[in-house]
Ligand code: ATP
């Protein structure tokens, strides 16, 4: 199947080129965990930076927070996660393997055995705080970053006094003990979220919901996800999370099928109301217009970093014919490409070429830090490597740069475009504006 091939190809490129490795690989791997290698870590960082810019820095109604991953267990009682954050689990009576009940048929897919009763399996990772091992020391790794923003709503109100509507934004790890982690980084047990809790008076929730819906589509486009593969699903009441009055799932056509990429939820005053009740701290605010006291309502745009990466890889993976060979490249938008440009000396055993190339490289790196030096193997190999990691431009310093073919070409270099393979001569002083463009 073509779609399987694509997943296989993406996973293989990620490993071969240092983007993503299986977690704890040399010990046989730890299911549901993935480690990001040098280029994967850079790609992830660039995605997060773009998100901060678009969601917080370019606006004046948004604030960052960075809350602890470990939170008081009562946070998760108030939010409903201790009681309700579970998936249906079945166990095969014969081979004892466990599955998510909504993802299997009548019989065990491994051994055809019969299943026992369906039971609810809580997906939060439990842990112990401190040296005591009793019920009072139980805590959980956060299953979503949202909680850290709700419990700090009052702190931000009291310290910065923002006017409503305003939002808090956070990027960080979340942990879910998924029954069946699968599809590469799509469903893992440790992943990263970029979340926003936007606090509004209930009379304007619809308008703000629409605004965030638009902002999410803008981000999808800017980050390099193929918009034609994204569709919205209006989640029906019975399938919505316990806190939500309206949810739109943004779905992406992954090579293994159409699945959730992001979610946009109208959480009403569920969270602030529940935390006020459970903590005894009233977090209601006063309406400027009417003077009335009310509990703010919440619009929540929620983005998965890992699913963003997978959707980008699936959108940007390309194969074409160049120079009589099939080549692979990632058509990443420059803003998220791990390396913005690579600088090559044409030959690495000619000191004058290497010295000139170092001069170009050092000058460029001061202006654009994510520039790489590459003199490994022949030029063809370097192009292949840079194409596969999605470097938009490669810059070669040759004998013309040294002035050997005359004054006209002195100090000019060859700039090759990743997508087209087209090369042009550019003066070394114009490189940074060319690459930043
Ligand atoms: P699903 O139905 O696929 O399990 P969900 O509806 O439980 O997802 P949310 O609780 O809405 O997901 O989480 C917000 C976002 O976090 C998701 O849109 C997704 O991008 C990301 N996410 C959730 N679970 C995982 C996971 N196990 N691995 C990677 N990303 C995840």
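The values are calculated or read from the model by the stated rules, or taken from the named source; none is laboratory data. Predicted model only: the values in this text are computed from it and were never measured. Methodologically, a virtual Cβ is constructed for each residue, glycine included, from the backbone with ideal geometry; neighbour enumeration extends over all protein chains shown.
Any residue at all in segment 325-342 that is outside any loop (DSSP other than H, G, I, E, B), over 24 Å from residue 226 (Cα atoms) and modelled with pLDDT of 95 or more? First the steps, then the outcome.
Step one: filter segment 325-342 for residues outside any loop (DSSP other than H, G, I, E, B), giving 325-330, 341-342.
Add one more test, that the residue is over 24 Å from residue 226 (Cα atoms), and what stays is 325, 342.
Now narrow it down to the ones that are modelled with pLDDT of 95 or more: 342.
Yes, segment 325-342 has at least one match.
Here is a yes/no grid of residues against (1) touching a helix residue (DSSP H, G or I) at 6+ places or on another chain (Cβ under 9 Å); (2) in contact (Cβ under 8 Å) with a residue 60 or more places away in the chain:
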| site | (1), (2) |
| --- | --- |
| 255 | yes, yes |
| 280 | no, no |
| 283 | yes, yes |
| 287 | no, yes |
| 290 | no, no |
| 293 | no, no |
| 310 | yes, yes |
| 321 | no, no |
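Hey, among 328, 308, which residue is more than 16 Å from the ligand (Cβ to nearest atom), outside the structural domain of residue 380 (by TED's automatic domain parsing) and under 30 Å from residue 388 (Cα atoms)? Full working, then the answer.
On the way: 308 fails: more than 16 Å from the ligand (Cβ to nearest atom).
Being more than 16 Å from the ligand (Cβ to nearest atom), outside the structural domain of residue 380 (by TED's automatic domain parsing) and under 30 Å from residue 388 (Cα atoms) holds for just one of 328, 308, which is 328.
Report whether or not residue 294 is at pLDDT 95 or above and surrounded by 19 or more Cβ atoms within 10 Å (Cβ to Cβ).
Numbers: at pLDDT 95 or above: yes; surrounded by 19 or more Cβ atoms within 10 Å (Cβ to Cβ): no.
Criteria not met by residue 294.
Test of understanding: among 313, 272, which residue is away from the ligand (no atom under 16 Å from the Cβ), assigned to a helix (DSSP H, G or I) and either buried (at least 23 other Cβ atoms within 10 Å of the Cβ) or under 14 Å from the mean Cα position of the chain (by Cα) (or both)? Walk me through how you get there before you give the answer.
On the way: 313 fails: away from the ligand (no atom under 16 Å from the Cβ).
Checking each option against the conditions leaves just 272.
Within segment 99-149, can you find the residues that are over 21 Å from residue 195 (Cβ atoms), within 16 Å of the ligand (Cβ to nearest atom) and touching a residue at least 60 places away in the same chain (Cβ under 8 Å)?
Scanning segment 99-149 gives 99, 100, 103.
Among the residues that make up segment 328-345, is at least one of them exposed (fewer than 15 other Cβ atoms within 10 Å of the Cβ), within 23 Å of the chain's Cα centre (by Cα) and closer than 18 Å to residue 40 by Cα? It would help to see each step written out before you state the result.
Of all residues in segment 328-345, those exposed (fewer than 15 other Cβ atoms within 10 Å of the Cβ) come to none.
No: zero hits.
What number goes with the only condition from (1) at pLDDT 95 or above; (2) touching a strand residue (DSSP E or B) at 6+ places or on another chain (Cβ under 9 Å); (3) away from the ligand (no atom under 14 Å from the Cβ) that residue 264 does not pass?
The single condition residue 264 does not satisfy is (3).
Taking residue 28, is it within 16 Å of the ligand (Cβ to nearest atom) and modelled with pLDDT of 95 or more? So that I can check it myself, show each step before the final result.
Details: within 16 Å of the ligand (Cβ to nearest atom): no; modelled with pLDDT of 95 or more: yes.
Spelling it out, it is not the case that residue 28 is within 16 Å of the ligand (Cβ to nearest atom) and modelled with pLDDT of 95 or more.
Of the residues 382, 318, 358, which is touching a strand residue (DSSP E or B) at 6+ places or on another chain (Cβ under 6 Å) and surrounded by fewer than 16 Cβ atoms within 10 Å (Cβ to Cβ)? Quick ask: steps written out before the conclusion?
Numbers: 382 fails: surrounded by fewer than 16 Cβ atoms within 10 Å (Cβ to Cβ); 358 fails: touching a strand residue (DSSP E or B) at 6+ places or on another chain (Cβ under 6 Å).
That would be 318, the only listed residue that is touching a strand residue (DSSP E or B) at 6+ places or on another chain (Cβ under 6 Å) and surrounded by fewer than 16 Cβ atoms within 10 Å (Cβ to Cβ).
Looking only at strands (runs of 3 or more DSSP E) that fall completely inside segment 1-85, which ones have 2 or more residues that are in contact (Cβ under 8 Å) with a residue 40 or more places away in the chain?
Values: elements: 20-22, 34-36, 62-64.
Hits in segment 1-85: 62-64.
Restricting to segment 225-261, what's the tally of residues that are away from the ligand (no atom under 12 Å from the Cβ), within 23 Å of residue 52 (Cβ to Cβ) and assigned to a strand (DSSP E or B)?
1
Of the conditions (1) out of contact with any helix residue (DSSP H, G or I) (no Cβ under 9 Å at 6 or more places or on another chain); (2) within 25 Å of residue 316 (Cα to Cα); (3) without any contact (Cβ under 8 Å) to a residue 12 or more places away in the chain, residue 213 satisfies every one except a single condition; which number is it?
If we test residue 213 against (1) out of contact with any helix residue (DSSP H, G or I) (no Cβ under 9 Å at 6 or more places or on another chain); (2) within 25 Å of residue 316 (Cα to Cα); (3) without any contact (Cβ under 8 Å) to a residue 12 or more places away in the chain, just (3) comes out false.
Here are the criteria: (1) within 15 Å of residue 56 (Cβ to Cβ); (2) within 16 Å of the ligand (Cβ to nearest atom). Tell me which single one residue 222 does not satisfy.
Condition (2) is where residue 222 drops out.
Does residue 196 count as touching a residue at least 40 places away in the same chain (Cβ under 8 Å), in a loop (DSSP other than H, G, I, E, B) and in contact with a helix residue (DSSP H, G or I) (Cβ under 9 Å, 6 or more places away or on another chain)?
no
Take segment 185-208 and flag every residue that is more than 10 Å from the ligand (Cβ to nearest atom) and under 30 Å from residue 35 (Cβ atoms).
Our first condition is that a residue be more than 10 Å from the ligand (Cβ to nearest atom); within segment 185-208, this holds for 196-208.
Listed by number, the residues that qualify are 196, 197.
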